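Accompanying notes for the structure given below.
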Amino acid sequence: MSATRAALPAPTPAEVGALAFAGYLLGFIAGGNQGALIGVAAVAAGMLVTRFARRVSWAQERTGVAWAAVILALAVIAPFVAEGDFRITQMATAAYIAIGVLGLNLLTGYTGQVSIGHSAFLGLGGYTTAIVVNEWDAHFLVALAIGTLAATLAGVIIGVPALRLSGPYLAIATLGLAVVFGPIVKLHELEDFTGGRAGLNLFAHDLGPPVDWAWLTDARWYYFIALALLIVAIVLARHLTESAVGRSFRAVRDGEVAAAAAGINVAATKITAFAISSAYAGCAGGLLFLLSNRFVSPESYTVLISIEYLIAMIIGGMATIEGSLIGSFFLVYLYRESFDDLSRRMQQGDDMPLFLAGVVIAAVALFGSTLVTAWVRRYGARVHPRYGALALNAALMLCCLGLGVAFTAVVRKATEGFLDLVTLRGALTGMFLIITVVALPEGVAGMLRRLRSLTWGEMGSAVRDRLTTPATGGDPVTPVDEEMTRADFGPVEHMASAGRHGKGG
Amino acid sequence: MDTFIEQVVSGVMTGSVYGIVALALVMIFQSTRMFNFGQGEIATFTTFIAWSLMLHMPYALGFVLAVVIAFGIGAVLERGVIRLVEDKPAMSGVMVGLGLFIAFNSISASIYGPEPHHFEQPFTGGPIDIGGVTIGRHSAYLFGVAMLLSALFYAFFRYTSVGLALRATAADRTGAELMGVPTGYMLMLGWGLATAVGAVAGMLVAPMIVLTPNMMFFVLLFGFAAAVLGGLDSAPGAVVGGVIVGVTQNLVGVYVDDLVSALHVGSIRDPNQYRDIVAMGLIIVVLALRPRGLFGRAIVERV
């Protein structure tokens with residue numbers, strides 16, 4: 001483990017910049033200008049703390065625990081400082097999405113089975129929960145347990161035919177599953193249970209807290225349910241991935257034949273992964289029902305949900321637990337919220353958006369520069385050492401300029417009412433997704449892991465290496481980075497590479 | 001019986017559109033081993049371009065220009081994006097496809113808005129009557145274009161040297177390269193052609209269902225069903241698969257009611273609601289029972 005960590009390449013300025021930007025934007029959404037400053041300051045402080053912590057050996061081992069404790073404390077305090085129920089529900093949404101993304105990650109990230117059908121499992125969990133509450137007037141947690149169980153069973157049932165499929169074939173079959181879910185729920189024959197096209201509205205059912213404490217409002221109660229379940233989900237996933245089951249997941253992902261030769265029951269492993277993953281999805285679906293005003297409809301569980309979760313998983317980082325959390329925050333705060341907020345603030349005539357546009361330009365350019373670097377790596381064999389680097393720099397600057405102008409034009413148009421900025425979020429998200437797949441396969445979580453090895457000198461040399469690498473044709477300086485971009489979509493420390501490092505040491 | 005023939009004929013006509021969407025998917029799958037989930041949305045985008053072009057020029061000119069633009073988009077995407085993930089695991093391809101899907105959907109929506117647009121029909125007028133079977137004029141046009149396109153592609157791949165080079169690239173990249181085939185350009189060409197075919201499908205579909213940013217979503221799904229049904233490495237299979245899906249959909253819509261009452265399991269209130277379920281169920285069943293499809297070759301994994 002330590003060998004792997006030491007070999008991680010230093011982060012590039014693009015990545016540090018992206019992190020600062022994330023802090024800025026999250027803060028801005030939460031609390032306007034002051035929040036933005038606090039967000040950037042928090043990111044800087046976090047980086048400094050991690051930077052110094054790694055000098056002390058015991059702290060190096062415990063930084064993870066310390067971070068977890070700080071984040072947990074913040075999560076508990078948050079609903080009492082947040083302004084209004086809307087923000088609390090938003091945090092609860094991030095929590096339940098994290099459960100769903102974590103489940104998807106167990107199946108797709110750890111076991112390598114692509115699923116675009118997760119929305120169907122979410123829907124099954126959500127509908128079962130709602131129907132149990134509606135028909136038998138059960139307590140929400142009981143209904144949620146039944147919903148989770150139903151989704152688990154469906155996972156086993158779907159997992160069996162899925163055994164024959166892999167890669168893109170499985171993606172298409174699960175896509176079919178996700179698409180079929182809506183029409184099935186809408187069937188007139190099932191209308192008595194599901195409410196058909198209109199959905200099932202249980203607003204009249206009181207699912208609030210069982211005790212009558214003034215501070216425990218409905219929104220806070222929902223939030224704490226979601227948070228508690230998220231903690232359970234994280235702990236379970238952690239134990240699972242570090243146990244023999246988790247190792248067999250990764251072995252199946254890295255090579256089915258090799259795993260079978262090593263005595264792993266591939267079929268049983270895949271079905272287990274499907275079952276556990278759908279259990280997580282069912283739980284998330286039930287919470288989605290609770291948090292969307294106790295309402296389920298076919299439109300709550302469309303295939304777009306599956307795609308969103310996949311995006312969250314990829315951008316957060318595949319086969320990492322913290323990546324699922326980061327991804328769900330990205331989804332809720334940047335994908336769904338920031339653009340609504342941005343366009344609203346712009347309509348109010350706030351002059352902040354111009355500054356914000358500048359920051360977005362910078363972020364897009366930084367991410368874009370990562371993509372350009374990938375291009376140069378791909379096509380750079382013919383590039384002259386010195387002039388190649390110069391050309392790349394020029395290309396980067398042009399890229400920044402072009403994107404900046406384009407974005408400003410888009411913002412201008414949006415304010416004039418020609419373009420709907422909210423609808424453009426898909427374009428930016430799709431771009432981020434592609435860039436993440438191309439240039440940052442280990443996701444934000446992998447990038448954060450690399451931030452641990454941050455020093456200014458290393459950062460400088462990282463830039464230099466990235467600029468000069470294409471000229472030499474090979475990649476003599478950062479072999480681990482190369483391995484991560486090419487060999488595997490997963491985390492650095494999966495079994496195969498651990499074995500290789502072990503032999504080398 | 002007349003209903004039956006009419007339903008089959010109309011199923012064949014709609015199915016031919018699924019067929020050419022499937023053809024585009026198969027072309028991309030053969031050359032780059034990825035499912036282009038963005039296919040439908042790129043087609044929608046180019047259909048919107050065609051719509052704005054046709055405001056200023058006649059149908060035929062706008063049609064051709066849009067196809068050329070689509071070809072350019074496809075070629076640029078292959079060179080700029082797809083080539084960066086070609087040697088990565090299959091999952092990267094799926095993700096890039098989803099990225100294209102969401103990006104192009106959002107671009108269409110933000111430029112042209114969510115409201116439906118009216119797309120011009122080249123042939124208007126009443127339905128044609130052939131031997132007691134009535135066919136809509138646009139359906140006939142659509143079927144004709146689809147069949148012409150399939151024939152052209154067949155001839156192109158079968159009888160031209162570029163077509164041969166494309167097939168060689170798809171079959172064995174390294175081998176083709178050693179034989180002097182510029183495989184890089186061939187991949188660009190393949191993507192460009194596939195995107196152009198998608199654009200044609202989009203422009204054929206648009207008058208039947210109104211032109212909106214989400215227009216192609218279900219068409220793409222049925223295209224996937226057709227491609228999977230026909231076998232992912234068989235171009236004729238894709239067209240046949242499309243026809244099968246189209247006919248199945250229509251027959252299910254008409255006869256599911258009779259079937260259920262014949263089986264004495266109750267009655268059905270709205271037969272049309274089963275169309276999509278059966279069509280999508282077909283994908284899952286075919287994949288589970290015969291993953292290589294009806295015409296495809298068996299997938300052999302080398303260890």
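The values are calculated or read from the model by the stated rules, or taken from the named source; none is laboratory data. If you're wondering where the values come from, they're calculated on a predicted model, not measured in any experiment. Here Cβ is always computed from backbone atoms with ideal geometry, including for glycine, and neighbour counts include all displayed protein chains.
Look through the stretch A:269-315, keep the residues that are among the small types (Gly, Ala, Ser) and not in a helix (DSSP H, G or I), and return whichever of them is surrounded by the most Cβ atoms within 10 Å (Cβ to Cβ). That would be A:SER297. All of (1) crowded, with 18+ Cβ neighbours inside 10 Å; (2) more than 20 Å from the chain's Cα centre (by Cα); (3) of a type in the set (A, V, I, L, M) hold for A:VAL266 with one exception: (1). When each of B:ILE49, B:ILE82, B:ILE102 is tested for being at pLDDT 85 or above, part of a helix (DSSP H, G or I) and either closer than 18 Å to B:LEU189 by Cβ or among the basic types (Lys, Arg) (or both), the lone residue that passes is B:ILE82.
Looking at the stretch A:161-171, is at least one residue basic (Lys, Arg), over 17 Å from A:TYR309 (Cβ atoms) and touching a Gly at 6+ places or on another chain (Cβ under 9 Å)? Taking every residue of the stretch A:161-171 in turn, none turns out to be basic (Lys, Arg), over 17 Å from A:TYR309 (Cβ atoms) and touching a Gly at 6+ places or on another chain (Cβ under 9 Å). Every residue in the stretch B:59-110 that is β-branched (Val, Ile, Thr) and facing another protein chain (nearest Cβ under 7 Å), please. Of everything in the stretch B:59-110, those that are β-branched (Val, Ile, Thr) and facing another protein chain (nearest Cβ under 7 Å) turn out to be B:VAL81, B:VAL85, B:VAL94, B:VAL96, B:ILE102, B:ILE107. Residue check: is B:PHE71 aromatic (Phe, Trp, Tyr), touching a Gly at 6+ places or on another chain (Cβ under 8 Å) and crowded, with 21+ Cβ neighbours inside 10 Å? So B:PHE71 passes the test. Taking the condition assigned to a helix (DSSP H, G or I), under 21 Å from the mean Cα position of the chain (by Cα) and surrounded by 22 or more Cβ atoms within 10 Å (Cβ to Cβ), does A:ALA75 pass? Answer is no for this residue.
Taken over the stretch A:166-194, the criterion of being under 25 Å from B:GLY296 (Cα atoms) and not in a helix (DSSP H, G or I) is satisfied by A:SER166 alone. If I filter the stretch A:236-248 for residues that are away from chain B (no Cβ under 14 Å), in contact (Cβ under 8 Å) with a residue 60 or more places away in the chain and crowded, with 21+ Cβ neighbours inside 10 Å, do I get at least one hit? Scanning the stretch A:236-248, I find at least one residue that is away from chain B (no Cβ under 14 Å), in contact (Cβ under 8 Å) with a residue 60 or more places away in the chain and crowded, with 21+ Cβ neighbours inside 10 Å, so the answer is yes.
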